[in-house]
Amino acid sequence: MSKTLIRLITLVLAIAMVACLAVGCGGNGETASTGSNGGSSNQGTTNNKEPGLDGIDKSVNPEDYRGTTVKYVTWKDPKLNEDGVAVEKFEKDFGITLEPVLIDQGDYVKTIAAAIASDTQGDIFFENGDFPGSLTVMQPLDAAMLDLSAPIWNQALIKASTLGGHPYLVDCISNVWTEVDICVYNKAIFENAGLNTPADYYAAGKWTFDNFRYAAQQVTKLGKDYVGAGLLGEAALGAAGSSFFTYKDNKMVVTADKHLYEVMNYLCQMKADGIARLDRGGFGEGKQGMALTNCFGLKRTGYFTQINPDHLGATYLPVWKEGDKQCVTGIYRGWGLIDGAKNPVAAGLFLRQYLDVNNYDLEATFHNQEVANFFFQVTGQYSENMIYYHGPDMCKSTGLGTYFHEAWNSQTPANMTGYLDSQLPVMQQMCDKANEIIEKELAQIKKDFAD
């Protein structure tokens, strides 16, 4: 795929996104408050008409930040990986130095909190499943001076991360780091056996959990070394419109309802029948038919580095039953400001460029052209059924519970329901503790923006 074609596809998707902004996002948060001009009444949301600076407040003069440094706190050096080309372009175009501050991913929030206490914190926070604990070390995006009404920004995430009228996270449409959940499959396995592929089922309007199970059964029958499917538990739940926890109206609530129980029992039975296993398993080794995973699997540097690129296919997640709306689900991921960031405006300039897909070498990013096309298709959509899951986040943020979404793998069909019942009080305790964090941040917002 040529760079020119990819850029055109991205532009078309961005335009389509603008037309859908009024759709909503399933209630995962609130929109930023708006002023009389239609933009946000908060700082950094006016429309920018200067070429090449869409997404940045028109009052910002990038030259004011030339010669300064932005500190990006992460655990993977962006200068040494596929994002190196984007970093290099940013530094060359703006004269701003990007300094990676590398810390352990497992102690990400804790380490940043210690840096804040000693006034040595960085500028940019990478939200990768730490909410709401991440609120303890973040500040709203107001100081970044971004124009959040610009079509390049992912409005679903802005809405989902808005707290007390102030957005905390951004991402660009079809950013290469977007990890929307999908179904990948081994085309060679299906085609050589004469089986309908997941994409075939989807095209016929028949891509349901029952046909997902049937396809897994057919692959498993090919031989003892074959596995039907690997399941990322929260992706499977999200596909069926379920999640253990939901963040809505500035509160985290337990949503382990009757339907979630049904889905968990369904997955548990698939595992008991020997046609599904936890996570992505050995998909990249060529003996697994499908995996419910995320878009990172489409990249050459992603989960499946061993797979024959020509064998990789991808389509949407299955729906629970025929006629259901297609759900879009994924990890709660985005980029924001660390509390007390020293160079927030320059950080905003960096994020605008770093998250823009057009600043990457896309010809070297994906396994093949087909999955590249699908990546832009699935990440360019704005869904009213978007489900951000918070299971692992809640465990990290509260120090309670376990990965409930993986219980189908450790329990039997006979005790699945009983186990979930026994964990409901723990889930509520987790929500209570998480909401204390959220309420504390809401109080801080009210204090900081009292004027």
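Per residue, the average separation of C-alpha pairs within less than 8 Å and at least 6 apart gives the chain a relative contact order of 25 percent. Taking all protein chains together and rolling a 1.4 Å probe, Arg300 ends up with roughly 120 Å² accessible.
Net length available on complete extension from Asp257 to Asp119 is 45.3 nm, with 0.36 nm assigned per residue and the Cα-Cα distance removed. Rounded to the nearest 500, the helix-only mean residue ellipticity at 222 nm of the chain stands at -10500 deg cm²/dmol, with each DSSP H run of n ≥ 4 adding -39,500 (n - 2.57). In terms of Cα atoms, the Rg and Dmax of the chain work out to 21.9, 68 Å.
Extension gain for the segment Asn415 to Asp210, taken as residue separation times 0.36 nm less the Cα-Cα distance, is 71.6 nm to one decimal. Amide H contacts for Val101 (H built 1.01 Å from N in the peptide plane; partners 5 or more residues away or on another chain; cut-off under 5 Å): Tyr72, Val73, Thr74. Figure note: Ser422, Ser161 ranked by solvent-accessible area, largest first, 1.4 Å probe, ligands and nucleic acids not counted: Ser422, Ser161. Remark: accessible surface ordering of Ile307, Ile103 (largest first) is Ile103, Ile307, probe radius 1.4 Å. Once each part is reduced to its C-alpha centroid, what is the distance from the range 128-168 to the range 181-205 in angstrom? Distance between centres, Cα-based: 37 Å. Only protein heavy atoms count here; under a 1.4 Å probe, Leu102 has an accessible surface of about 90 Å². Taking all protein chains together and a 1.4 Å probe, the residues Ser410, Ser149 rank Ser410, Ser149 from largest to smallest accessible area.
Taking the longest Cα principal axis of the chain as reference, the axis of helix 416-448 is set at about 10 degrees.
Calculate how steeply helix 344-354 sits against the longest principal axis of the alpha-carbon atoms of the chain, using the helix alpha-carbon long axis, and give the answer as 0 to 90 degrees to the nearest 10. Helix 344-354 sits roughly 40 degrees off the main axis of the chain. Size estimate for the range 310-442 follows the Kirkwood approach: the inverse of mean 1/r over distinct Cα pairs works out to 19.2 Å. Against the chain, whose longest principal axis is taken from its Cα atoms, helix 84-94 shows a tilt of about 20°.
Based on Cβ point charges of +1 for Lys and Arg and -1 for Asp and Glu, what charge dipole magnitude is obtained for the range 134-268 about its Cα centre, in debye rounded to the nearest 20?
It comes to approximately 360 debye.
The values are calculated or read from the model by the stated rules, or taken from the named source; none is laboratory data. Because the structure is predicted, anything quoted here is derived from the model rather than measured. When we count neighbours, we look across all protein chains shown, and the Cβ atoms used for this are built from the backbone with ideal geometry, even at glycine. Heavy atoms of the whole protein, side chains included, go into the accessibility calculation; ligands, DNA and RNA do not. Shrake-Rupley method; radii C 1.70, N 1.55, O 1.52, S 1.80 Å.
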